[in-house]
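Novice: Dropping the structure in here first, questions after.
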Amino acid sequence: MPATPAWPPRSAPRLFVEQTLSAGARIALGGPQAHYLARVMRVGEGDAVVLCDDATGEWAARVVEAGKRSVVLEAAERLRAREEVPDLWLVPALLKKDRFHMVLEKATELGAARIQPVVTRRCVADKLNADRARTLMTEAAEQCARTALPQLGEPVKLEALLRDWPAGRALFFADELGGAPAAAAFAAGPDKAAVLIGPEGGFDDAERAMIRAHPQARAVSLGPRILRGETAALAALSLWMGTRGDWSDGGTDSSGK
Ligand code: SAM
């Protein structure tokens, strides 16, 4: 007796939708999402699509209408609740566009709860296209089977970031001039944390002094080599996830088991 194939199949496309999902809810998609389902994934009536709403969790849905410009789905069964993301913020200085886009994508995959861009004196960029950034993060979340989207903050100047830093959140300052070994500092730190990463040219002396003077700041080292900003961001995120985050509990596979 052949085994009944799993439903939805692992190959089912995954999408985040604006609408809050519930059993039997109908979701009409147009624009790029309809194009992706109809033209790229070539879904037809009855096919499965996995939907997330960044609120109730992940749902298996069935295609009920598949047109060239619109696809209508019906949510059938909730597969997983919205995940509890470890409470780590990434605070990267704005980098050249492509490098920063890579940071947004990878930080989403690695599990950052919030990405808070910061503008420092040596930043080569001082603006971020928020719509483009959110699209990149949503696509990365769909790709890595996240059920919770990271928050994206508006770029903020370093002085304002430090002035308004929330009580109770550790601010780990990645400093290529030296600090406590990051893994040990992360392991000994609180559950609510953030990692601050400098731009291509690093922080200037006045900024470094201002950060080090902040009561919640702790300088950490990511080793003896000078890493690019994007490398430092991903290295710090991975270290924290491995020591304090949800990598240390062996995680769950995308079917929730
Ligand atoms: N100012 C440096 C230079 O040009 O010599 C480079 C800065 S580095 C490209 C960008 C940022 O990555 C730094 O501001 C720091 O936050 C982080 N970083 C790079 N290497 C690091 C290390 N070994 N330890 C801690 N942070 C590091």
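The values are calculated or read from the model by the stated rules, or taken from the named source; none is laboratory data. Remember, predicted model here, so these are calculated numbers, not experimental data. FYI the Cβ positions are ideal-geometry reconstructions off the backbone, even for glycines, and counts take in every protein chain you see.
Novice: Taking the condition of being over 17 Å from GLN19 (Cα atoms), at pLDDT 95 or above and assigned to a loop (DSSP other than H, G, I, E, B), how many residues in the range 43-79 meet it?
Specialist: 5
Novice: Is it the case that ARG225 is assigned by TED's automatic domain parsing to the domain that holds ASP164, farther than 25 Å from ALA167 by Cα, at pLDDT 95 or above and within 16 Å of the ligand (Cβ to nearest atom)?
Specialist: Spelling it out, ARG225 is indeed assigned by TED's automatic domain parsing to the domain that holds ASP164, farther than 25 Å from ALA167 by Cα, at pLDDT 95 or above and within 16 Å of the ligand (Cβ to nearest atom).
Novice: Looking at this structure, is PHE203 more than 28 Å from PHE16 (Cβ to Cβ), within 16 Å of the ligand (Cβ to nearest atom) and not in a strand (DSSP E or B)?
Specialist: yes
Novice: Just checking, which of ALA209, ALA160 is in a helix (DSSP H, G or I), within 16 Å of the ligand (Cβ to nearest atom) and surrounded by fewer than 14 Cβ atoms within 10 Å (Cβ to Cβ)?
Specialist: Answer to the check: ALA209.
Listed here are the residues, each with its yes/no results for (1) of a type in the set (A, V, I, L, M); (2) surrounded by fewer than 18 Cβ atoms within 10 Å (Cβ to Cβ); (3) part of a loop (DSSP other than H, G, I, E, B).
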| residue | (1), (2), (3) |
| --- | --- |
| GLU105 | no, no, no |
| ASP126 | no, yes, yes |
| ARG132 | no, yes, no |
| ARG146 | no, no, yes |
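Novice: Also: VAL91 - would you say it is in contact with a Leu (Cβ under 8 Å, 6 or more places away or on another chain), over 25 Å from GLN33 (Cβ atoms) and not small (Gly, Ala, Ser)?
Specialist: So VAL91 passes the test.
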